[in-house]
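First comes the structure, then the notes that go with it.
The values are calculated or read from the model by the stated rules, or taken from the named source; none is laboratory data. Everything quoted here is computed from the prediction, not taken from an experiment. Please note: Cβ atoms are built from the backbone with ideal geometry, for glycine as well, and neighbour counts cover all protein chains shown.
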Amino acid sequence: MKIIAFGASSSNDSINKKLATYAASLFKNAEVEILDLNDFQIPLFSIDVEKETGKHSVAQAFLDKINTADILVVSMAEHNGNYAAAFKNIFDWCTRIRKDVFQDKPMLLMSTSTGANGATSVLGVAKNAFPFYGGNVKATFSLPSFEANFDIEKEEIKNDKMRNELQKIIADNF
């Protein structure tokens, strides 16, 4: 079983990438590939740019990575209640190649933030929107107050209740 995991953020120190990486490590007998959105930088999408350049090869490369997955583990960064610009841009380019960006892959959809709401606004947006783009969202999980609940050095959730909740979600849904 192959898992593709990524944090939907371009931050070099993305807490969402850390959460996605940790969650992917909880799957038994899985090959895990962690994507970094910085490896998929692409011009800001617009119809004019698309007319000039055509379908972008970087977007195709992102879609090709998703195609190799059996399961997707995605943790959404929240910027003003919505997707981070880097994710929205690659997502927009990908939809111009194929509408079902997530290719009906079973998905663990997550979010985290430094605040007490754990980026639940963007998690809700993504949970509602992704099925229209081939997202087969099997489960969701939000980790609030990242710095208080995640051990950076051990690279794991340190809050026992939340760690057990995520483990149960994975065991019950995948």
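Restricting the stretch 29-59 to residues that are small (Gly, Ala, Ser) and out of contact with any Cys (no Cβ under 8 Å at 6 or more places or on another chain) leaves a set whose member that is farthest from ASP70 (Cα to Cα) is SER46. Checked against the criterion of being aliphatic (A, V, I, L, M), buried (at least 22 other Cβ atoms within 10 Å of the Cβ) and not in a helix (DSSP H, G or I), the stretch 135-157 has at least one qualifying residue. Of the residues making up the stretch 53-84, those that are modelled with pLDDT of 95 or more and part of a helix (DSSP H, G or I) number 11. Restricted to the stretch 109-133, and to residues there that are at negative phi and part of a loop (DSSP other than H, G, I, E, B), the residue that is surrounded by the most Cβ atoms within 10 Å (Cβ to Cβ) is SER113.
Taken over the stretch 144-174, the criterion of being under 20 Å from HIS79 (Cβ atoms) and in contact with a helix residue (DSSP H, G or I) (Cβ under 6 Å, 6 or more places away or on another chain) is satisfied by PHE146 alone. Of all the residues in the stretch 90-108, those that are touching a residue at least 40 places away in the same chain (Cβ under 8 Å) and in a strand (DSSP E or B) number 2. If you scan the stretch 39-63, which residues turn out to be surrounded by 10 or more Cβ atoms within 10 Å (Cβ to Cβ) and among the acidic types (Asp, Glu)? Result: ASP39, GLU50. May I ask you to verify whether PHE87 is free of Cβ contacts under 8 Å to residues at least 60 places away in the same chain, in contact with a strand residue (DSSP E or B) (Cβ under 8 Å, 6 or more places away or on another chain) and in a helix (DSSP H, G or I)? The answer is no for PHE87.
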